[in-house]
Amino acid sequence: QVQLVESGGGLVQAGGSLRLSCAASGRTFRWSVAGWFRQAPGKEREFVATISSSGGSTYYANPVQGRFTISRDNAKNTVYLQMNSLKPEDTAVYYCATSTRSYSTSQGDYDYWGQGTQVTVSS
């Protein structure tokens with residue numbers, strides 16, 4: 001079993017930066033794909049970024065490409081999402097998730113989810 005706890009969300013002005021952290025427990029973490037998803041008010045949850053178990057491969061949704069960076073430190077059982085040049089449209093609850101399968105943009109492929117952390121970007 002993998003348990004995930006997100007932190008680092010908050011209120012930031014457009015153009016600013018935040019770093020989200022996802023602390024994981026469970027001995028299978030280092031073998032798990034990790035991803036970030038987000039859900040804005042009134043919208044469905046959408047894919048943001050994913051990273052392979054080793055950290056060697058990443059993939060990003062087009063709206064965040066070039067601005068966000070996903071990374072992981074398996075020794076610390078932690079996944080990060082560095083968010084730069086934030087825009088008001090980035091406002092959402094951000095969720096960390098892990099999967100025992102290959103990395104994916106589909107939320108149905110993820111097995112475990114954190115509780116979410118709010119990111120609000122003011123204009």
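Here are a few things to note about the model shown:
- Test set (1) among the hydrophobic types (A, V, I, L, M, F, W, C); (2) modelled with pLDDT under 95; (3) within 11 Å of the chain's Cα centre (by Cα) - V48 fails condition number: (2)
- Taking strands (runs of 3 or more DSSP E) as the structural unit, no element lying wholly within the stretch 8-123 holds at least 3 residues that are of a type in the set (D, E, K, R) and open to solvent by 50 Å² or more (accessible area, probe 1.4 Å).
- Residue count for the stretch 35-86, restricted to those that are within 15 Å of S99 (Cβ to Cβ) and among the hydroxyl-bearing types (S, T, Y): 7.
- Evaluation of L86 against the conditions (1) in contact with a Phe, Trp or Tyr (Cβ under 8 Å, 6 or more places away or on another chain); (2) over 18 Å from E44 (Cβ atoms) shows that the sole unmet condition is (1).
The values are calculated or read from the model by the stated rules, or taken from the named source; none is laboratory data. What you see is a predicted model, and the numbers here were worked out from it, not measured in a lab. When we count neighbours, we look across all protein chains shown, and the Cβ atoms used for this are built from the backbone with ideal geometry, even at glycine. With ligands, DNA and RNA removed, areas are computed over all heavy atoms of the protein, side chains included. Shrake-Rupley method; radii C 1.70, N 1.55, O 1.52, S 1.80 Å.
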